[in-house]
Structures are given as structure tokens and as C-alpha cells.
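Everything on this sheet refers to the single structure shown next.
The values are calculated or read from the model by the stated rules, or taken from the named source; none is laboratory data. Only a predicted model underlies this, so the values are computations on that prediction, with no experimental measurement involved. Heads up, the Cβs are rebuilt from the backbone with ideal geometry, glycines too, and the neighbour counts pull from every protein chain shown. Please note that ligands, DNA and RNA were not included when accessible areas were found on the heavy atoms of the full protein model with its side chains. Shrake-Rupley method; radii C 1.70, N 1.55, O 1.52, S 1.80 Å.
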Amino acid sequence: MAVNFYKHGLSSKDAVGVAMVLDSPFLTSGAVGKQVEAQLCDYFEVPNAFLTNSWTNGALAVLLALGVGPGDEVIVPAMTFIATANVVELLGAKVRFVDVRADNLLVDAGLIEAAITEKTKAVFVVHLYGQMCDMQSIGKLKDKYPHISLVEDAAHCFEGRRDGDRPGKYSDAAIFSFYATKNITCGEGGAIVTRSPSLAGKVQKTRLHGMSAGAADRFKEGSYRHWDMDCLGVKANLPDLLASLLPRQIEHAEQLLSTRIRLAGRYRSGFKELPIRLARVDAGAISAEHLFPIHVGGDSRDWLIDELNGRGIQVAVNYRSVTELSYYKNQYAVDESLVPVSVLWGRGTISLPFYPTMTDDEQDEVIAALHQILVK
Ligand SMILES: *Cc1c(COP(=O)(O)O)cnc(C)c1O
């Protein structure tokens, strides 16, 4: 039996919302997006949410609003997707790579504080694989360094929480992704949540060219109103055509999460006897279980990928250490002894097929294949 790496859960049943947008006057950002933003405010218990057309463009809008630019440093964990570092580079600031903890692959307050310099303008805290970092203690860094902004890369962590808290509570902003493979998806999309009224006011502009009013608001009540531009922004708004795919998924987020938690539990018990490492989910944390990565030692990773592919099982790698990719090697030449955990994990990790519509039979096939390959 072939097992796909990923299958999304949308179907033509979800076309109803799209059809309603097509019958309305606005194809781009309008009433539907506003309704989803209100839904996000409820879900995350925050006063401000902004839909964006990707995590990446949302992050650019946030960094622009925070004034990140040339001369600044932004702390980024080496174990993340390239986008987290790329947005810093795109704005002419410098990435300061930090390592992650060996047990849960997350940054913590100590790792971040050790990387702070007088140039540090912001920190990206990455909730890798769906597990929230310890934001309560990371948030306390704000008391000691009030001029440094904390931004959560919550692309993996829509449903995740720690000690009852969700992303957006202890940071300046949390940014989500609705990219095709993420837990909640509309193909391409994202969202920013923030508790800060002043950051919200700026993001409102930086996510749309720096304009003082979006298209729907410019034509309110039938009469045209002038707009101004007083800051530079990106084009990051999400069209209603895509936003219309989100409300149902957000409503059912907890149900989808319980399926992910059940499947992750089946993998974990299926792998008890195998010589592989798993990322720990800490007591008090409820992971969004976005991906299911395993780690194998030595040089056996690429061999294991071939063995699994040979049995029709699709896998991926999330991620190699960003410091190991050519662009960052050339720009920064970070010595691997500075980010040893990220480099080691990145050389041995494989993400297994994992999604809520996966059947128990498909999962058993993956578990059996790993036993066959690894138990001699
Ligand atoms: C997917 C992802 C992003 C980028 O999201 P886009 O919506 O594709 O821009 C950023 N960070 C992490 C950790 C991701 O997994």
C-alpha cells in the first residue's frame, strides 16, 4: 500500500463559501475576511487579528511595523523553515542564529538571552512541530529588555497551547500560516494576532502598501474617500475568495486536533521498541501535532528515506539546520559548534506521513515498514 506524505481535508463541499464570495461585490479583502478576523480574536482571546496572504508576507508586515531594518539583528533559531530567517534578510537586517534544546527542539529564555547583543531588535520564537515554546518565561525577557520585540512563528501552532495559554499572549505578535500543508489551510494564507494597539495600528497599514484604508473601507457608504500613505508596507492582504475556506476549519479546529493527537499517540506507541528518537512533548503542553518527525542516528537518514520510498511511503525532511543551506553558509558561515543540536537533528530527521484523514491501516503500514527496516 502506498502512503502519501500529506492529504488536505478540503473538498468541493467547501465551495459554498467561495460561491458566496463570487456572488458578492468584493473578490478581495472584505466582509468575509473581517468575519474570520473576529473568529481569530475569539479563538486566541486577543483584541486584534489580521489575515494575510502568507506567513511570510505577514512577518514582513510585522517586522516593518516594528521598524526592523539595516543595522538591526533578529534572533532566529537554526531549526526552523527558511522563511523565518529570509524575512530578516529581505529587510536588510542580520540574522543571529541560536540553537534549540535537545529534548523538545525549541528555544528557551536562556538560549535567547545568551544571543542578545546591543543590536538585537527582535526575536523570532518558533513553536516547532506544533509545540509552543515556554512563552511564560520567554515573555519575562521583556521586563529586562523592553526595547526588544518578541514575535512568535506560530506557523505550526494554531491549536497548540502551554499551561493553558495560546500563542499571542506573551509576545508582541504571533504569526500563523494557512499554507497548503498546515493544520488549518486555504492553500496560501496566514494571520497576525497582537494584543498591542499601537502595533495593530501599524500592521493595519504595513500589510497593505502602507495605505491608510483598504479598498472595502475606501468605498464605504458609496462615497469615495482619499487615503494617505505615511509608511512603507507590503502587499499582504488575504482575498475573501481564500478567506471563505477558513471559518469551518477554525470552528472544527479542536476536533481536527484530537484526531492528530490520537494518530500521534499511535505512532509513539508503535515506535517504543525502535532505535529512533522523538521530539518530547513537555508536561503542560498540548502540541498542535503539525508534523511527526523521527530522528535516526549516524548517517542512516538518507538510506532510511530510500527504504521507505521503496515501500511506497512518502516522507519529507523538516528541517535541515538553516545554517547548513548554501545561502546562509555563504552569508554567515555559522560554525556548527554554535548550533550543534540543530545541525545534528537536521542531519537525522525524517517527517513521516501524518494528517487527520490518514487511516489506521495506512499508519500501521508505516509502523510495520519501520520495524521491518530497523529491526534486524
Ligand atoms: C510554513 C512555514 C512558514 C512560512 O509560511 P508561508 O505561509 O508559506 O509563508 C514559516 N515558518 C514556519 C515554521 C513554517 O513551517
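Structural remarks
- Nearest-20 debye value, the chain charge dipole, Cβ charges on Lys, Arg, Asp, Glu: 320
- Residues in segment 151-177 that a label on S137 would reach, taking backbone N under 20 Å of a point 7 Å out along Cα→Cβ: 151-153, 161-172
- The lysines whose alpha-carbon is closer than 23 Å to the alpha-carbon of K376, local same-chain residues fewer than 8 away aside, are K272.
- Rounded to the nearest 20, the size of the Cβ-charge dipole of segment 195-346 about its Cα centre is 400 debye, with Lys and Arg at +1 and Asp and Glu at -1.
- The chain - mean residue ellipticity at 222 nm from DSSP helices (-39,500 (n - 2.57) per run, n ≥ 4, rounded to 500): -10500 deg cm²/dmol
- Gyration tensor verdict on segment 36-97 (Cα atoms; rounded if a/c is under 1.5, prolate if a/b is larger than b/c, oblate otherwise): prolate
- Flagged links, alpha-carbon separation over 26 Å, of K121/K182; K144/K235; K34/K235: K121/K182; K144/K235
- Rounded tilt (10° steps) of 301-310 against the dominant C-alpha axis of the chain: 90
- Of the residues M132, M1, ranked by 1.4 Å probe accessible area with the largest first, the sequence reads M1, M132.
- Farthest toward the positive end of the dipole of the chain, out of V87, T359, N183, is the Cα of V87, where the dipole comes from beta carbon charges about the Cα centre.
- Under 19 Å from the Cα of K140 - aspartates and glutamates, other chains or at least 8 residues apart: D108, E113, E118, E152, D153, D163, D165, D172
- The spacing between segment 290-319 and segment 53-93, judged by their C-alpha centroids, is 29 Å.
- Unit charges on C-beta of K, R, D, E only; dipole of segment 279-345, Debye: 120
- Among S337, V315, V296 - extreme Cα towards positive end, dipole of segment 289-340, charges at beta-carbon: V315
- Quarter of the Cα convex hull surface for segment 1-85, i.e. its orientation-mean projected area (nm²): 9.9
- Here the translational diffusion coefficient of segment 66-195 follows from Stokes-Einstein with Rh set to the Kirkwood radius across Cα pairs; for 20 °C and 1.002 mPa s it amounts to 146 µm²/s.
- Tail beyond 25 Å, pair distance distribution of the chain (Cα, percent): 56
- Percent RCO, i.e. relative contact order, over the chain, from Cα pairs under 8 Å lying at least 6 residues apart: 23
- With every protein chain in place, segment 120-270: carbon and sulfur % of accessible area (1.4 Å): 53
- Accessible surface, 1.4 Å probe, highest first, among residues E289, E324: E324, E289
- Counting DSSP beta bridges with both ends in the chain, the antiparallel % (nearest 5): 55
- Global form of segment 210-299, assessed from the alpha-carbon gyration tensor, a/c cut-off 1.5: prolate
- In sequence order, calculated HN-Hα J values of segment 132-138 (Karplus, 6.51, -1.76, 1.60; Hz; x Gly/Pro): 5, 5, 6, 5, 4, 7, 5
- 17 Å cut-off, amide nitrogen to a point 7 angstrom out along R280 Cα→Cβ, residues in segment 56-100: 100
- Three-way shape call for segment 118-267 based on the alpha-carbon gyration tensor, with the a/c threshold at 1.5: oblate
- Annotation: per residue accessible area for the chain equals 43 Å², rounded to a whole number [probe 1.4 Å, protein chains only].
- In the chain, the longest principal axis of the Cα atoms and the axis of helix 31-44 are about 60 degrees apart.
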